[in-house]
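Chemist: Got a structure for you, questions after.
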């Protein structure tokens, strides 16, 4: 997401708490213990303190743990390009804060939480006090606790799992979360009381998390919520499209990840589901637009971001920088840009030092700033990132499909409820 529909992902894509979050708790505890031991061996001065060589200012070292390869590599690329652009923007082109250069080391998790945990352990052991990245929700939910145990600032990126909000005092996010997706989807039907809503998704943690989110939001507002869940391995999706049509919902919310998305939309179109039901899903990266096929203009899309969606000066600065570097902005470019803004602000507030991570946390809590999408706020109570969201339409099909904003939901309109801080 995570946008809700992700035709480019494999079945293990950016999930809202999917199979990537698995792993025995005792293994995670053991890994965390190892990190604690490793971090104790870090050399002083590696996280931005004054070096011993005549008082010169040492660098601020940031570890980026993200999907450089693997099924989410396209998202990782966008995130990295956005981060570089955001770092330049926030430091006014200097790449430094109070004379301290910000250096970042890239670690590839390939979307695998075990690799991410290993990378985080390695970086913390080297003395890194700031980690960012997490293209996948499962990665964010396992790196977050390690960051807290080691008192390291952690800013997750495109990972949309609601559980990352309020996870602990050291964990923040630079993207949206699934509740904001669902809130945007709900805006298409207005008053939910008495409405029937069906969630069409894969029967895995990603799909189940979407079902839970829809029930938590629309169910609480008086809607009846049911689900049609398909095995992630299913390739014949006509039976599931038929079930969705038979349910006759007022709103069909589609949460799909993987390379069967094109077949799903073909099946829904062939079953004429759009004739009697408003169908809502998330608009993913630009490369996915052709996969909606003839159904594209019949779908109501919720959207985190697409190139040109916001029309803000910050968006223009991001677009200009990414374009100049040979890239193109897409759905998760702002997540990297925002992460860089947050890191620079936290370090600036502490006079160029990243040593006191409690102070970095304090600097971010309650901070409002001009982001790519408009006014953005880090909510102090649970570190939710309050931001605008979009209702979008696609016009045309295939390579000619183009998105346009129909409505912008304000940060307050899309805000999730406050989550008690877990740790």
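Chemist: Which of (1) part of a loop (DSSP other than H, G, I, E, B); (2) in contact (Cβ under 8 Å) with a residue 40 or more places away in the chain does residue 181 not meet, given it meets every other one?
Modeler: Going through the list (1) part of a loop (DSSP other than H, G, I, E, B); (2) in contact (Cβ under 8 Å) with a residue 40 or more places away in the chain, residue 181 breaks only (1).
Chemist: Being buried (at least 18 other Cβ atoms within 10 Å of the Cβ) and part of a strand (DSSP E or B) is the filter; apply it to segment 394-407 and report the residue that is farthest from the chain's Cα centre (by Cα).
Modeler: 394
Chemist: Oh, and also: Return the only residue of 288, 300 being crowded, with 16+ Cβ neighbours inside 10 Å, closer than 26 Å to residue 213 by Cα, at pLDDT below 95 and in the same structural domain as residue 245 (by TED's automatic domain parsing).
Modeler: 288
Chemist: Let me ask something else about it. Hey, among 155, 146, which residue is in a helix (DSSP H, G or I), assigned by TED's automatic domain parsing to the domain that holds residue 87, crowded, with 24+ Cβ neighbours inside 10 Å and in contact (Cβ under 8 Å) with a residue 60 or more places away in the chain?
Modeler: 146 is the lone residue from the list that is in a helix (DSSP H, G or I), assigned by TED's automatic domain parsing to the domain that holds residue 87, crowded, with 24+ Cβ neighbours inside 10 Å and in contact (Cβ under 8 Å) with a residue 60 or more places away in the chain.
Chemist: Also, I was wondering about something else. Out of the residues in segment 309-334 meeting the condition of being more than 19 Å from the chain's Cα centre (by Cα) and part of a loop (DSSP other than H, G, I, E, B), tell me which one is nearest to residue 393 (Cα to Cα).
Modeler: The qualifying residue nearest to residue 393 (Cα to Cα) is 311.
Chemist: A further question on this structure: Which number in (1) within 11 Å of the chain's Cα centre (by Cα); (2) part of a loop (DSSP other than H, G, I, E, B); (3) farther than 26 Å from residue 251 by Cα marks the one condition that residue 176 misses?
Modeler: Every listed condition holds for residue 176 apart from (3).
Chemist: Quick one: residue 138 ticks every box in (1) part of a helix (DSSP H, G or I); (2) surrounded by 24 or more Cβ atoms within 10 Å (Cβ to Cβ); (3) in contact with a strand residue (DSSP E or B) (Cβ under 9 Å, 6 or more places away or on another chain) bar one, so which box is it?
Modeler: Only one criterion is unmet by residue 138, namely (3).
Chemist: Got at least one residue in segment 219-242 being over 14 Å from residue 273 (Cβ atoms) and part of a helix (DSSP H, G or I)?
Modeler: The answer is yes, given that some residue of segment 219-242 is over 14 Å from residue 273 (Cβ atoms) and part of a helix (DSSP H, G or I).
Chemist: Give me the residue from segment 348-380 that is touching a residue at least 60 places away in the same chain (Cβ under 8 Å), assigned to a loop (DSSP other than H, G, I, E, B) and in contact with a strand residue (DSSP E or B) (Cβ under 6 Å, 6 or more places away or on another chain) and, out of that set, surrounded by the fewest Cβ atoms within 10 Å (Cβ to Cβ).
Modeler: Going through the qualifying residues, I end up with 352.
Chemist: To continue, here is another question. If you check 50, 10, 69, 5, which single one turns out to be within 16 Å of residue 139 (Cβ to Cβ), modelled with pLDDT under 50 and either in contact with a strand residue (DSSP E or B) (Cβ under 9 Å, 6 or more places away or on another chain) or crowded, with 22+ Cβ neighbours inside 10 Å (or both)?
Modeler: None of the other options fit; the residue is 10.
Chemist: Just one of 234, 244, 263 is farther than 18 Å from residue 416 by Cα and touching a strand residue (DSSP E or B) at 6+ places or on another chain (Cβ under 6 Å); which is it?
Modeler: 244
Chemist: I would also like to ask the following. Kindly indicate whether residue 128 is in the same structural domain as residue 359 (by TED's automatic domain parsing), part of a loop (DSSP other than H, G, I, E, B) and within 21 Å of residue 351 (Cβ to Cβ).
Modeler: It is true that residue 128 is in the same structural domain as residue 359 (by TED's automatic domain parsing), part of a loop (DSSP other than H, G, I, E, B) and within 21 Å of residue 351 (Cβ to Cβ).
Chemist: State whether one or more residues within segment 390-398 are closer than 30 Å to residue 63 by Cβ and either at pLDDT 95 or above or touching a helix residue (DSSP H, G or I) at 6+ places or on another chain (Cβ under 7 Å) (or both).
Modeler: no
The values are calculated or read from the model by the stated rules, or taken from the named source; none is laboratory data. Just so it is clear, the model here is predicted, and its values are computed rather than measured. Cβ sites come from the backbone with ideal geometry, for glycine too, and all protein chains shown count toward neighbours.
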